[in-house]
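Report on the structure given below.
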Amino acid sequence: MSNHPVIVDAIRTPMGRGKAGGALSEVHPVDLLAGLLREIVARNGIDPGIVDDVIIGCVSQVGEQSATPGRMALLAAGFPTHVPSTTIDRKCGSSQQAVHFAAQGVMAGVYDIVIAGGVESMSRIPMGSARIGQDPFGPLMAERFAPGLVSQGVSAELVAAKWSLTRGELDAYSARSHQLAAAARESGAFKSEITPVTIGDRTVEFDETIRPSTTAEGLAQLKPSFQTPESAARFTELGWQVTAGNSSQITDGASAMLIMSEATAARLGLKPRARFVGFDVCGDDPLLMLTAPIPATRRVLQKSGMKLDDIAHYEVNEAFASVPLAWQKEFGSDPARLNPHGGAIALGHPLGASGARLMTTMLHALEQTGGRYGLQTMCEAGGMANATIIERL
């Protein structure tokens with residue numbers, strides 16, 4: 001069908017450590033995203049004035065990320081002033097949801113060309129800044145889920161306990177993430193997806209977050225990060241195994257994808273690289289919080305009439321090692337297909353940018369291996385998850 005949505009291009013910045021002195025910490029988030037927007041239209045010969053919308057995921061919409069960052073970025077990139085933008089916040093899945101909305105807008109016939117992506121500068125806008133010290137839940141929510149919800153770290157502990165995951169398994173998986181990402185970097189597998197960022201007289205070309213020397217034995221020396229007297233008293237059954245080493249890294253980064261209808265791609269003489277096969281978004285237990293990728297995967301496979309064995313590449317966001325490991329145990333999936341270029345434990349998790357970053361990595365990996373289908377899913381705060389299946393063309 002002529003208005004079936006396709007992916008024409010997908011790029012990302014290198015990932016920088018989200019702290020003072022990190023590789024990208026000197027770059028304003030608007031400028032970080034602007035570089036990608038400028039690049040994605042230039043390399044495809046697109047007049048930026050024909051882009052119908054720019055849909056950008058961003059979680060901490062405060063301070064430097066408060067003024068509709070996609071709109072500011074497209075203006076900074078030199079796009080005509082008539083091009084609009086909007087900001088999506090579905091927490092860790094924000095830019096995956098931005099991709100869904102872009103593709104669904106094309107399917108509905110209201111868009112011809114959309115850029116979807118995300119940005120998060122966690123060195124400049126720390127996680128949780130948007131709360132300004134206030135309670136985001138309210139009394140009715142607290143009453144329903146008494147004695148209260150917990151932090152994502154404690155949820156990661158609950159997931160590890162529910163799926164009987166050991167500290168050794170968590171640390172071994174995390175070391176694997178670094179080793180796979182390091183191998184992908186060394187082989188040049190990331191080169192086609194990364195747009196370098198120039199800052200003054202230096203250029204950032206590679207992910208700063210990968211630690212090739214990471215071992216399970218080294219990670220085993222780290223202390224649990226989320227055990228407090230209050231949480232230990234409430235959850236006496238937990239082994240307290242989640243550490244900074246088996247969790248995703250706080251990161252700066254941006255991502256962008258060029259999405260259009262098949263008819264528009266043909267009219268412009270552009271070759272689609274993938275098409276969308278299925279979408280899902282759903283919720284699950286907000287206390288466990290990180291488990292919704294499991295029902296979201298089941299639902300997107302059912303909607304698409306597919307089996308997991310049909311999928312060549314799985315991207316399950318490594319918010320914590322317990323998330324992809326629980327997903328893998330639940331489905332009995334092939335470990336070699338799960339995050340084969342590493343994940344957020346090695347590459348980092350720039351919140352609003354991560355969804356499109358995962359899809360960018362998945363698309364490029366499918367092209368490099370000749371795989372046909374890819375499935376992406378990510379847990380989101382509040383107990384939600386998006387899932388997407390794409391087909392390489």
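The values are calculated or read from the model by the stated rules, or taken from the named source; none is laboratory data. Because the structure is a prediction, the values reported are computed rather than measured. No Cβ is skipped: glycine too gets one built from the backbone with ideal geometry, and neighbour counts run over all protein chains shown.
Return the pair list, or none, for Cβ contacts closer than 7 Å from residues in segment 319-343 that are more than 25 Å from PHE190 (Cα to Cα) and small (Gly, Ala, Ser) to residues that are surrounded by fewer than 19 Cβ atoms within 10 Å (Cβ to Cβ) and at pLDDT 95 or above, at least 6 apart or on different chains.
Between residues of segment 319-343 that are more than 25 Å from PHE190 (Cα to Cα) and small (Gly, Ala, Ser) and residues that are surrounded by fewer than 19 Cβ atoms within 10 Å (Cβ to Cβ) and at pLDDT 95 or above, the close pairs are ALA326/TRP163.
Just checking, which of ILE132, ILE125 is under 22 Å from ILE55 (Cβ atoms), out of contact with any His (no Cβ under 7 Å at 6 or more places or on another chain) and touching a residue at least 60 places away in the same chain (Cβ under 8 Å)? Full working, then the answer.
On the way: ILE132 fails: under 22 Å from ILE55 (Cβ atoms).
Exactly one residue qualifies, and that residue is ILE125.
Which is closer than 24 Å to SER123 by Cβ, surrounded by fewer than 24 Cβ atoms within 10 Å (Cβ to Cβ), of a type in the set (Gly, Ala, Ser) and under 20 Å from the mean Cα position of the chain (by Cα), of SER95, SER25?
Values: SER95 fails: surrounded by fewer than 24 Cβ atoms within 10 Å (Cβ to Cβ).
Of the residues listed, the single one that is closer than 24 Å to SER123 by Cβ, surrounded by fewer than 24 Cβ atoms within 10 Å (Cβ to Cβ), of a type in the set (Gly, Ala, Ser) and under 20 Å from the mean Cα position of the chain (by Cα) is SER25.
For segment 223-248, what are the residues that are under 15 Å from GLU318 (Cβ atoms) and hydrophobic (A, V, I, L, M, F, W, C)?
Listed by number, the residues that qualify are VAL242, ALA244.
Quick check on segment 199-226: of everything there that is of a type in the set (S, T, N, Q) and free of Cβ contacts under 8 Å to residues at least 40 places away in the same chain, which residue is nearest to HIS178 (Cα to Cα)?
To start, the set of residues in segment 199-226 that are of a type in the set (S, T, N, Q) comprises 203, 209, 213-215, 221, 225.
With free of Cβ contacts under 8 Å to residues at least 40 places away in the same chain added as a condition, the list becomes 203, 213, 221.
Values: THR203: 23, SER213: 8, GLN221: 17 Å.
Per the stated criteria, the residue is SER213.
Yes/no per residue for (1) under 18 Å from ILE250 (Cβ atoms); (2) among the small types (Gly, Ala, Ser); (3) at pLDDT 95 or above; (4) not in a helix (DSSP H, G or I):
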residue	(1), (2), (3), (4)
LEU75	no, no, yes, no
GLY78	no, yes, yes, yes
HIS82	no, no, yes, yes
THR86	no, no, yes, yes
SER95	yes, yes, yes, no
PHE101	no, no, yes, no
ILE115	no, no, yes, yes
GLU120	yes, no, yes, yes
SER123	yes, yes, yes, yes
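Against the condition of a type in the set (Gly, Ala, Ser), more than 17 Å from ALA296 (Cβ to Cβ) and outside any helix (DSSP H, G or I), how does GLY382 come out, does it pass?
Spelling it out, it is not the case that GLY382 is of a type in the set (Gly, Ala, Ser), more than 17 Å from ALA296 (Cβ to Cβ) and outside any helix (DSSP H, G or I).
Within segment 311-342, restricting attention to residues that are in a helix (DSSP H, G or I) and among the small types (Gly, Ala, Ser), which residue is surrounded by the fewest Cβ atoms within 10 Å (Cβ to Cβ)? Talk me through it step by step, then tell me what you get.
At the first step, the residues of segment 311-342 found to be in a helix (DSSP H, G or I) are 322-331, 335-337.
Narrowing further to those that are among the small types (Gly, Ala, Ser): 322, 326, 336.
Details: SER322: 28, ALA326: 25, ALA336: 8.
The qualifying residue surrounded by the fewest Cβ atoms within 10 Å (Cβ to Cβ) is ALA336.
Which condition from (1) within 18 Å of the chain's Cα centre (by Cα); (2) touching a residue at least 40 places away in the same chain (Cβ under 8 Å); (3) closer than 30 Å to SER231 by Cβ is the one that LEU363 breaks?
For LEU363, the failing item is (3).
If a residue must be farther than 30 Å from ALA292 by Cα and crowded, with 19+ Cβ neighbours inside 10 Å, how many such residues does segment 65-91 contain?
Within segment 65-91, the subset farther than 30 Å from ALA292 by Cα is 67, 71-84.
Remaining after also requiring crowded, with 19+ Cβ neighbours inside 10 Å: 71-74, 77, 79, 83.
Of the residues in segment 65-91, 7 are farther than 30 Å from ALA292 by Cα and crowded, with 19+ Cβ neighbours inside 10 Å.
Does segment 46-55 hold any residues that are touching a residue at least 12 places away in the same chain (Cβ under 8 Å) and surrounded by fewer than 24 Cβ atoms within 10 Å (Cβ to Cβ), and which are they?
Matches in segment 46-55: ILE46, PRO48, GLY49, ILE50, ASP52, ASP53.
Among (1) within 22 Å of GLY371 (Cα to Cα); (2) part of a loop (DSSP other than H, G, I, E, B); (3) not polar (S, T, N, Q), where does LEU301 come up short?
Against the list (1) within 22 Å of GLY371 (Cα to Cα); (2) part of a loop (DSSP other than H, G, I, E, B); (3) not polar (S, T, N, Q), LEU301 comes up short only on (2).
Does ALA292 meet the test of being among the hydrophobic types (A, V, I, L, M, F, W, C), closer than 14 Å to GLN376 by Cβ and out of contact with any Cys (no Cβ under 9 Å at 6 or more places or on another chain)?
no
Can you tell me which of PHE226, PHE206 is farther than 30 Å from VAL8 by Cα, at pLDDT 95 or above, assigned to a loop (DSSP other than H, G, I, E, B) and hydrophobic (A, V, I, L, M, F, W, C)?
PHE226
Name the one entry in VAL110, VAL59 that is at pLDDT 95 or above and under 21 Å from ALA385 (Cβ atoms).
The match here is VAL59.
Kindly indicate the residue of segment 229-263 that is assigned to a loop (DSSP other than H, G, I, E, B) and among the hydroxyl-bearing types (Ser, Thr, Tyr) and also nearest to LEU170 (Cα to Cα) among those meeting that condition.
Of segment 229-263, the ones assigned to a loop (DSSP other than H, G, I, E, B) are 235-246, 248-249.
Still in the running and among the hydroxyl-bearing types (Ser, Thr, Tyr): 236, 243, 248.
Working: THR236: 20, THR243: 9, SER248: 12 Å.
Among them, the one singled out is THR243.
For TRP163, only one of the following conditions fails: (1) surrounded by 14 or more Cβ atoms within 10 Å (Cβ to Cβ); (2) within 28 Å of LEU366 (Cα to Cα). What is its number?
The number of the failed condition is (2).
Just need a number here: residues in segment 364-391 that are surrounded by fewer than 24 Cβ atoms within 10 Å (Cβ to Cβ), closer than 18 Å to ARG12 by Cβ and in contact with a Lys or Arg (Cβ under 8 Å, 6 or more places away or on another chain).
2
Residue by residue through segment 56-73, note down the ones that are under 17 Å from MET122 (Cα atoms), part of a helix (DSSP H, G or I) and free of Cβ contacts under 8 Å to residues at least 24 places away in the same chain.
none
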